[in-house]
Each structure stands twice: as structure tokens, then as C-alpha cells.
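Visitor: Structure provided below as C-alpha cells; questions to follow.
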Amino acid sequence: MNDPEFQNTMGYWQHDRGFWPPEGLADTLFTEAMIEKYNGTGKFEFVSFSTPIAALDPAFGGDDCKLIFGKMGDIGGGNVGVMITEHITIPILVTSKDEVDYQVARRAIEECKKRGVQPMQFGVDAVGTGRGVAAIIAGEWSSSIQRFEATGKPTDRPASTADGRPAFEVYDR
């Protein structure tokens, strides 16, 4: 599509171009340059507590199925920080007797248990075919898991402790 107005939207860059949008297109986007500038890949020294966390992107749209691990904890000054510690790709085994959803769900549960991630500290993108994986994880591990829809509208809950506006006023997704 050659519509210049359309080409200046997040949707165009993410879905049509399949690439990160230019910096400044949206004020809710963390660009690679911003992450580098503010040491977004650095490590935290947690002050009083940290909790293992994990998130799963089942990625049935053609990209890899990723399970991301991290820690969330007290970084001092009344602030809570999240630090990514590792990520793994969950392979789909064509020789397995289990359906794809079960392969992904069971491997995610296994990896989380190895790292001490509790169900309440685990999130899964439950949009589209991810709903099946989320349902299996909830049934075989715990209904306390956190389901989210990465393409859905943000909630009306506060965006953060520092920004009391509803999340849908601050974020696109």
C-alpha cells in the first residue's frame, strides 16, 4: 500500500514490513537505541528480594516458540526492577507422539519448575492458538498462571505505580 499516512503507523511497520518502527513513531515503544542508552540489558543487584519469573510466547505464527526467564525484585529506592536472565527456544518435535500444544506446555512447565518459577509468576500469551497451550498449562500445572493477550487492548487498571492513568491510555497493546 502506498498511502503515506498508513505507512506511518505501528501496524504497518510490525505487520506489513515485519520490522521495528522508526524511533519516535510511538511514545510507548522501547527501541533498541533506548534500551542500549539506558543500559536495559544490564544486571540489577537486588537489595532485599527477588523472585524468579517467566513468560512464554507460543509463537504459532511462524517464528520460534520462546520461553523467557528473569527475576523481579527490589532494586532500592522503593523501586522494583525486572531483569531478563535467559531465554530458550522450545523446539517442536515432529517425531513426538504428543500434539504441538502439549509439547510446548509440558516443556514450559518442566523448565519453569527447574528454575523455581511458581505458577503465579508465569505468564503466557493466550491469544489465538496460544489459548490451547495456556489451557493445558493451567490444567497440568496450575490455574494461577497469568494469561495475557499480546495483541489485545490494555486494561483499565493503572499503567504503573508511578502513572495512575488507565493502561489503555498509555499503551497500544
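Quick note: the coordinates plus some simple rules give every number you see, no bench work behind them. In this text, all values refer to a predicted model and were calculated from it rather than measured experimentally. Positions of Cβ are backbone-derived with ideal geometry, glycine not excepted, and every protein chain shown enters the neighbour counts.
Visitor: With a/c under 1.5 counting as rounded, go ahead and sort the range 41-124 into rounded, prolate or oblate using the C-alpha gyration tensor (a ≥ b ≥ c being the square roots of the eigenvalues; past the cut-off, prolate if a/b is larger than b/c, else oblate).
Guide: It is prolate, given that a/c is not under 1.5 and a/b is the larger ratio.
Visitor: OK, next. So, by mean Cβ neighbours within 10 angstrom, what's the order for 120-133, 64-77, 41-54 with the highest one leading?
Guide: The densest-packed peptide leads the list: 120-133, 64-77, 41-54.
Visitor: Continuing with this model, one more query. State, to one decimal in nm, how far the label point of N79 lies from the label point of E36, with both points 7 Å from Cα in the Cβ direction.
Guide: 2.2
Visitor: Under a Cβ-Cβ cut-off of 13 Å, what is the net charge of the residues other than G130 that fall near it, where Lys and Arg count +1 and Asp and Glu count -1? Could you put the intermediate results ahead of the total?
Guide: Values: positive: K66, R131, R147; negative: D57, D63, D101, D125, E149.
The answer is -2.
Visitor: Between their Cα atoms, which of K97/K153; K66/K153; K37/K114 are more than 26 Å away from each other?
Guide: As for pairs spanning more than 26 Å Cα to Cα, those are K97/K153; K37/K114.
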